[in-house]
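Remarks on the structure that follows.
A short reminder: the numbers here are calculations on the coordinates, not readings from a lab. Since the structure is predicted, the reported quantities are computational estimates derived from the model, not experimental observations. Methodologically, a virtual Cβ is constructed for each residue, glycine included, from the backbone with ideal geometry; neighbour enumeration extends over all protein chains shown.
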Amino acid sequence: MSTIQDISILKIPVIEDLSGNLAFVQNEILPFEFKRVYYLFDVPSSAFRGGHSHIDQQEVLIALSGSFEVTVDDGINKKSFLLNKPNVGLHLPKEIWRELDNFSSGAVCLVFASDVFEEADYIRDYDTFLNSKK
């Protein structure tokens, strides 16, 4: 079972240049091989995203622009992370409840996922999530 201690911060490699920085992500950088990439944008500051966990899928979240908070929960402990740098990723292993909120104006959340979208992999009810952790 995954716990808060299994969550990690990843440094995304950056090539710095006077004409602008370049960050890159390839499978060797992530703790899993990614099969899907998606992003959240134009999220109102009062909106809430996430509110689920995954049975098998892992994800890495990156704030490409702006900032947002990610609150994670392993069924016993909770912790919040402020993502606000495009060279920092938050690795969320499977079986971790996540909630994203406090999006700044212009925030973009990039997500690398270990698998394609499969609704059966989602737990969207918090009580069901808690029961799955027993």
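Using only DSSP helix segments of four residues or longer, with each worth -39500 (n - 2.57), what per-residue ellipticity at 222 nm results for the chain after dividing by its residue count and rounding to 500?
-1500 deg cm²/dmol
Test of understanding: express the Cα radius of gyration of the stretch 29-81 as a ratio to 2.2 N^0.38 Å, with N the residue count.
1.28
Would you mind ranking Glu59, Glu99, Glu119 by Cβ crowding within 10 Å, fewest neighbours first?
Working: Glu59 23, Glu99 17, Glu119 6.
Lowest to highest Cβ neighbour count: Glu119, Glu99, Glu59.
Take the chain, compute every pairwise Cα distance, and split them into 10 Å bins from 0; I just need the percent in each bin.
Result returned by the calculation: 12, 43, 36, 8, 2, 0.
Looking at the stretch 65-127, which chymotrypsin sites (Phe, Trp or Tyr not before Pro) are in a loop (DSSP not H, G, I, E or B) and have at most 15 other Cβ atoms within 10 Å? Spell out each step's value before the answer.
Working: sites: Phe68, Phe81, Trp97, Phe103, Phe112, Phe117, Tyr122, Tyr126; in loops: Phe103, Phe117.
Taking the stretch 65-127 and a limit of 15 other Cβ atoms within 10 Å, the loop chymotrypsin sites (Phe, Trp or Tyr not before Pro) found are Phe117.
Please list, ordered by chain and number, the residues whose modelled amide H lies under 5 Å from the amide H of His52; skip anything fewer than 5 residues away on the same chain.
Correct list: Arg98.
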